[in-house]
Structure formats: structure tokens, C-alpha cells
Amino acid sequence: MAGILGRKVQQKLAEAMSKRSHFSKDEVDKLLDMYSAITIGGTRLDRNKFRDVLHNTFDMTDDILMDRVFRAFDKDMDSNLSQEEWVLGLSVFLRGTLD
């Protein structure tokens, strides 16, 4: 039952974030699944895990660049990325502008 309830919450979150990003609802839903897998169901993505994603997914190897991308994503500057920061950061990184 908790899985169904969690899925409904995620779908509502995906719908809300799709309106604030350059992604469709389905794309946001997949990014949230990816976030959950990376954080192993956690609620925060730390700098080291994020750097692993940049390195493994985008072949990024420049430490300074990876840190700058992390800081750009981390809007509340708490050294962790929330689901919202993850999706909205990737929206700008992969699809376009801040507008």
C-alpha cells in the first residue's frame, strides 16, 4: 500500500514540476525514478553521488566544472540536491534557459 501511495505522490510532484521545467510529466517522472535509484530511496543527493552521475552519464571529468554545476543546481546551498533541485537543474542543463 505504501508503494501505491508513494507513486501517487510522485505523479503529483511530476505534474507540478513539469509546469516549471522544460520536461514533460513523463520525463519528470523518470527523472524522479532516477533520483530515487541514485539516492537509494533517500531524500537528498550529495555532491559525491552527483559527481558520479556527471562522470558516468555525461563523461564529465573536470572537478572544477562538476563542482560549479553542483553549486548551480543547489539553490538552497545546503550541499545536497532535493528532488526539485535535481529536476529543475537538469531542465536548464539539458534543455535550455532559466525562463
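The values are calculated or read from the model by the stated rules, or taken from the named source; none is laboratory data. Computed from a predicted model, the values in this text were never measured in an experiment. Please note: Cβ atoms are built from the backbone with ideal geometry, for glycine as well, and neighbour counts cover all protein chains shown. Ligands, DNA and RNA are excluded from the accessible area calculation, which covers all protein heavy atoms including side chains. Shrake-Rupley method; radii C 1.70, N 1.55, O 1.52, S 1.80 Å.
Out of curiosity, is ARG7 outside any strand (DSSP E or B), open to solvent by 70 Å² or more (accessible area, probe 1.4 Å) and at pLDDT 95 or above? Against the criterion (outside any strand (DSSP E or B), open to solvent by 70 Å² or more (accessible area, probe 1.4 Å) and at pLDDT 95 or above), ARG7 does not qualify.
Restricted to the stretch 12-99, the set of helices (runs of 4 or more DSSP H) holding at least 3 residues that are open to solvent by 60 Å² or more (accessible area, probe 1.4 Å) and touching a residue at least 12 places away in the same chain (Cβ under 8 Å) comprises 83-95.
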